[in-house]
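Quick notes on the structure that follows.
The values are calculated or read from the model by the stated rules, or taken from the named source; none is laboratory data. Since this is a predicted model, take the numbers as computed values, not measurements. FYI the Cβ positions are ideal-geometry reconstructions off the backbone, even for glycines, and counts take in every protein chain you see. Note: accessible area is taken over every heavy atom of the protein model, side chains too, but ligands, DNA and RNA are not part of it. Shrake-Rupley method; radii C 1.70, N 1.55, O 1.52, S 1.80 Å.
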Amino acid sequence: MEDRILELLKESDALLTGHFLLSSGKHSDKYVQCAKLIQYPEKTEEVCKVIKKKIEEDDLKVDLVVGPAMGGIVIAYELGRALGVPAIFTERENDVMTLRRGFIIPENANVLVVEDVVTTGKSSFETIEVIEKNNANCVGIACLVDRTSGKDIGIKLYPAIKLEINTYEKEDCPLCKENKELVKPGSRKKF
């Protein structure tokens, strides 16, 4: 399955090579621009079916999916459709992740966070705070790409694919030492 997901990422030009500034402040030689993949509904549907299968294998009960804006919105809706559950999103207001637009998370609901890429889980954990403030249960994080490098982030991940991508602290970045142009491709303004 992971070979097929990698093929879809490459077909859609979502796997970029260069010198990238990540939202964590670290640098990387590769970047996964999931927006390039999710512009194709049929490819997004195929990837979400892989995630759905992993969720079903765990017999995970999901009542609602929540995607943090920006990267999780489309994927949350497609995975919600695949799972047959509602899909909503959180977004930042004054730099704080929040629930807006009249969305409601029912008390005691089993909620799955849905992301494009999980590296440190920052946006996911901000969304989990919103879920917990609404007295609901976060049952895991689903994502297109797991970039955690196997690091335990404290909650079960349901990725379509795991990718090992080099990341560097700014002061240790070999790409900086080569004076390669630094690009910030993500949507988060502050990190």
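Between Lys30 and Leu182, what is 0.36 nm times their sequence separation minus the Cα-Cα distance? Round to one decimal in nm.
So the chain would gain 53.6 nm between Lys30 and Leu182.
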What is the angle, in °, between the Cα long axis of helix 122-133 and the longest principal axis of the Cα atoms in the chain? Nearest 10 is fine, range 0 to 90. 20 degrees
Quick check: with the 1.4 Å probe, what order do Val62, Val183, Val47 take by accessible area, largest first? Val183, Val62, Val47
Working from Cα positions, state the angle (0 to 90°, nearest 10) between the long axis of helix 41-57 and the longest principal axis of the chain. 60 degrees
Value of [θ]222 nm, deg cm²/dmol, for the chain, DSSP H segments ≥ 4, -39500 (n - 2.57) each, nearest 500: -9000 deg cm²/dmol
On C-alpha positions alone, give me the angle between the axis of helix 73-83 and the longest principal axis of the chain, in degrees, nearest 10. 50 degrees
Size of charge dipole - the chain - debye, nearest 20, with Cβ of Lys, Arg +1 and Asp, Glu -1, no other charges: 420 debye
Farthest positive-ward along the chain dipole, Cα basis, beta-carbon charges - from Asn135, Ile38, Gly25: Gly25
Quick one: divide the alpha-carbon radius of gyration of the chain by 2.2 N^0.38 Å and tell me what you get. 1.01
For the pairs Lys49/Lys162; Lys52/Lys133; Lys49/Lys122; Lys61/Lys156; Lys54/Lys151, note any where the Cα-Cα span goes beyond 22 Å. Lys52/Lys133; Lys49/Lys122
Ranked output for segments 2-10, 28-36, 118-126 by mean other Cβ atoms within 10 Å, highest leading, reads 118-126, 28-36, 2-10
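Work out the length of the dipole vector of the stretch 119-191 about its Cα centre, built from +1 on the beta-carbon of each Lys and Arg and -1 on the beta-carbon of each Asp and Glu, and round it to the nearest 20 debye.
It works out to roughly 240 debye.
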